[in-house]
Number of protein chains: 2
Amino acid sequence: MSADMEIYQGQRTLTAKAVRAEIRAGRYDRHTAGLAAGKLQCNLAILPEVHALDFLRFCQRNPKPCPVVGVSDTGDPFMRTLGDDIDIRSDVPRYRVFREGTLVEEVKDIGHLWRDDLVTVALGCSFTFENAFMANDIPVRHIEQDKTVPMYRTSIALEPAGVFKGEMVATMRPIHKERVEDAWRISGAFPHAHGAPIAMGDPGAIGITDLNAPDWGDPVQVSEDEVPVYWACGVTPQNVLMNAHLPLCITHAPGHMLIADVSETFENQPLINSKN
Amino acid sequence: MSADMEIYQGQRTLTAKAVRAEIRAGRYDRHTAGLAAGKLQCNLAILPEVHALDFLRFCQRNPKPCPVVGVSDTGDPFMRTLGDDIDIRSDVPRYRVFREGTLVEEVKDIGHLWRDDLVTVALGCSFTFENAFMANDIPVRHIEQDKTVPMYRTSIALEPAGVFKGEMVATMRPIHKERVEDAWRISGAFPHAHGAPIAMGDPGAIGITDLNAPDWGDPVQVSEDEVPVYWACGVTPQNVLMNAHLPLCITHAPGHMLIADVSETFENQPLINSKN
């Protein structure tokens, strides 16, 4: 991870478009945290059109784990509302390809897999509120420690839609007791990026048995003056997609996000941005 | 309108469910402004599934005029994430039925038109922020004067999706110069109900030629100490649907909204509401 860090430090001054050009050319395939500061980064779900309506219904019903920020036209590999010349076949550092719910490969380009019936759904991610935390002097433990945020399966049932169903996956960040209210308010201002927490305190209350044994990512310590705070996690839709056993489904690899041209505040959505 | 006002004043103390029961029984068919205080009221678009994916894409790309708050399963006449026992075939005071883009009838029940391929999309409406304005002592002129809010075609192009395209329709409310900032902030807190204004001041800047000649609704006066402020309007999707010339499409009649059980703050969305 430290080697990655050194490499991507060199990329931090590039624009979103320039970072995507590096990725498209195959010169950058690491994680995207901290790149193109201020730009929206996105989780991805690419799936056949026949499942897209149900998946959008699922996202609408579960907006905290699945905040939709962009949907492509069917068969169109460009994400036209998220930026200029975003080719979803090549502009993400790493993709995961699932067939019948099984991860079959991790690749840097999906041009060979593209089909006229594929729909791309882009979802907001927690980088957005983590950046806001750091800008507001709320430390983010896993970033300080150069770890991956701890993620847990919870007992919180999702609202189903067609074949899409299951339980929410949550992230945990230890927050100082005196900053919990700020963290709540700040993350709540980004509903397109998981929004306010879903719970705080007792992990058992949401079905987490051991904070030291996350289902994904690395454990981080919660100090005595801190409270564990839980947010809906973008692994939720990935997990739900996997469990739906679609014939084909493609996601980004965790941490290897799509970097859009739009602001991470997402206030200037395409319509208003381009016309006013 | 005054007769209506008297009638519905008697309904103001009823719960959302009780109001819907009156509507379902055919005993209430007037407009719903002010009913079931605090509950979310919704614009409706009911359309064949074959067009639903494109319509949801259209809404995602144009969230200010088209803020989606609920989507039914295909063929399911119940809006399960918006409340208990909401039968969309009977629980709205008045419906408008469009065939090939032409209004063919206005009815109080659509049971005879229901089909297994219909999808209902519920969209937030401006009642939500108007209620918040009144609670914050920001007068709402058209309500004070017992008129319908003035609505205007604008030159603001919408992001298209499939057959859905066109220009935004906007409402105008005169706001006292010293309260414009408050009005902006308060409405901005309700992104599911058109959110912050899209413009203020010169109507010509957004393609409105004469504030005294709205395309729908009634003109209202803008005083010297006031500024005309414009919001995205729920007539936009209705207009876009009409122009798409779908074989069948059903909407609510203007002002005759679906009253949901969920709060108009929409903070407690289904998932979090039911499980935490």
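Annotations for the structure displayed:
- Neighbour cut-off at most 12 other Cβ (10 Å), DSSP loop, GluC sites (Glu not before Pro), region A:82-112: A:E100
- Rg and Dmax over the alpha-carbon atoms of region B:76-152 stand at 16.3, 46 Å.
- Applying a 4.7 Å Cβ-Cβ cutoff to chain B, the cysteines left without a disulfide-compatible partner are B:C42, B:C125, B:C233, B:C249.
- Violating pairs (Cα-Cα greater than 32 angstrom) within the set A:K165/B:K17; A:K108/B:K165; A:K39/A:K147; A:K64/A:K147; A:K39/B:K147: A:K108/B:K165; A:K39/B:K147
- At least 15 Å along the helix axis (C-alpha) and Kyte average at least -0.5, DSSP helices within chain A: A:49-61
- Note: relative contact order over region B:136-236, using C-alpha pairs below 8 Å and six or more positions apart, is 37 percent.
- Taking the C-alpha atoms of chain A, convex hull volume expressed per residue in Å³: 125
- Förster radius 51 Å - calculated FRET efficiency between B:K165 and A:D202 (Cβ-Cβ, nearest 0.05): 0.55
- Estimated FRET transfer efficiency (B:E224, A:H112; beta-carbon r; R0 45 Å; 0.05): 0.10
- Inter-chain shielding of B:49-62 (mean C-beta neighbours from other protein chains, 10 Å cut-off): 5
- Relative contact order of chain B, pairs being alpha-carbon contacts under 8 Å that are 6 or more residues apart, as %: 29
- Pair-distance distribution of region A:127-236: all C-alpha pairs, bin width 10 Å, starting at 0; shares per bin in whole percent are 14, 49, 31, 5, 0.
- Whole-angstrom gap from region B:227-243 to region A:156-181, using each part's C-alpha centre: 35
- Computing Rg and the Kirkwood Rh from the Cα coordinates of the protein assembly as shown gives a ratio, Rg/Rh, of 0.97.
- A cut-off under 15 angstrom between Cβ atoms defines the neighbours of A:E181, and their net charge, with Lys, Arg +1 and Asp, Glu -1, is -1.
- 14 Å tail of the calculated P(r), region A:114-169, as % of Cα pairs: 73
- The phi-based Karplus calculation (6.51 cos²θ - 1.76 cosθ + 1.60; θ = phi - 60°) puts the 3J(HN,Hα) values of region A:112-122 at 6, 9, 5, 9, 5, 9, 8, 10, 9, 10, 9 Hz, whole numbers, x for Gly and Pro.
- For B:G166, nonlocal amide neighbours, meaning residues 5 or more places apart or on other chains whose placed amide H falls under 5 Å from its own, are B:L158.
- Under 16 Å from the B:D87 label point (7 Å along Cα→beta-carbon), backbone N, region B:28-54: B:28
- Applied to region A:245-258, the Karplus parametrisation 6.51 cos²θ - 1.76 cosθ + 1.60 on θ = phi - 60° returns per-residue 3J(HN,Hα) values of 6, 5, x, 9, 7, 10, 10, 6, 7, x, x, 9, 8, 7 Hz, with x for Gly and Pro.
- Seen from a random direction on average, the alpha-carbon convex hull of region A:181-231 projects onto 4.1 square nanometres.
- Remark: region A:86-96, residue by residue, has Karplus-estimated 3J(HN,Hα) of 8, 8, 5, 7, 9, 9, 10, x, 8, 10, 10 Hz, where x stands for each Gly or Pro and the curve is 6.51 cos²θ - 1.76 cosθ + 1.60 at θ = phi - 60°.
Every number in this text was worked out from the coordinates using simple rules, so none of it is lab data. Note that the coordinates shown come from a computational prediction; the quantities given were computed from them, not determined experimentally. Please note: Cβ atoms are built from the backbone with ideal geometry, for glycine as well, and neighbour counts cover all protein chains shown.
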